[in-house]
């Protein structure tokens, strides 16, 4: 399988999954925004010229959550997903999808406003509103982790998806010292050898 990747992007989730599962993969590494991502050939793989994308024989996918669900269903052998009869399974589904539904919209605003726009074009109101919203969206995760290390029982793909979003959020939300469970969770995830192998790519 081939993964199209750039550091500091949602593609981290996909490579992290492969590393946790010990699955082999080929890697095409981009830098975010480089012109090569808009080449006509790559646009056949990802029509928006973004990452991640996965090629597995005749199958091409370009949405991180879909890629992770596909890989787990086809190659996971039941790993990183609670059994459907487990009481943790509904929580797994909720927290798997929480990242894109709740965390990443304000993160996306903050990334655009603080990284991609020149300073004179940044909107302080947008930045302030997105920061407040992101901090609010992190509160349920902090509460969820009050008596557990991971979001749905043992470490699972929910921790790859929403855990990655928490790592990114912790860098964008400012001071999160009022969320000690979240802080510990982010540190715990970043200490995983599989995650550390991903962060070394393109460093």
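Of the candidates 186, 198, the single residue that is in the same structural domain as residue 103 (by TED's automatic domain parsing) and either surrounded by fewer than 18 Cβ atoms within 10 Å (Cβ to Cβ) or within 15 Å of the chain's Cα centre (by Cα) (or both) is 186. Taking the criterion of being over 28 Å from residue 154 (Cα atoms), in a loop (DSSP other than H, G, I, E, B) and in contact (Cβ under 8 Å) with a residue 60 or more places away in the chain, the only residue of segment 7-57 that qualifies is 31. For segment 170-198, filtering for residues that are within 22 Å of residue 9 (Cβ to Cβ) and modelled with pLDDT under 95 leaves 6.
Only one of the listed residues (18, 96) is within 14 Å of the chain's Cα centre (by Cα), closer than 30 Å to residue 144 by Cα and in the same structural domain as residue 108 (by TED's automatic domain parsing). That residue is 96.
Residue 147 meets all of the listed conditions (1) touching a helix residue (DSSP H, G or I) at 6+ places or on another chain (Cβ under 6 Å); (2) without any contact (Cβ under 8 Å) to a residue 24 or more places away in the chain but one, namely (1). The set of residues in segment 146-166 being part of a helix (DSSP H, G or I) and over 18 Å from the mean Cα position of the chain (by Cα) consists of 146, 147.
The values are calculated or read from the model by the stated rules, or taken from the named source; none is laboratory data. This structure is a prediction, so every number in the text was calculated from the model and none was measured. Cβ: placed from backbone, ideal geometry, glycine included. Neighbour counts: every protein chain shown.
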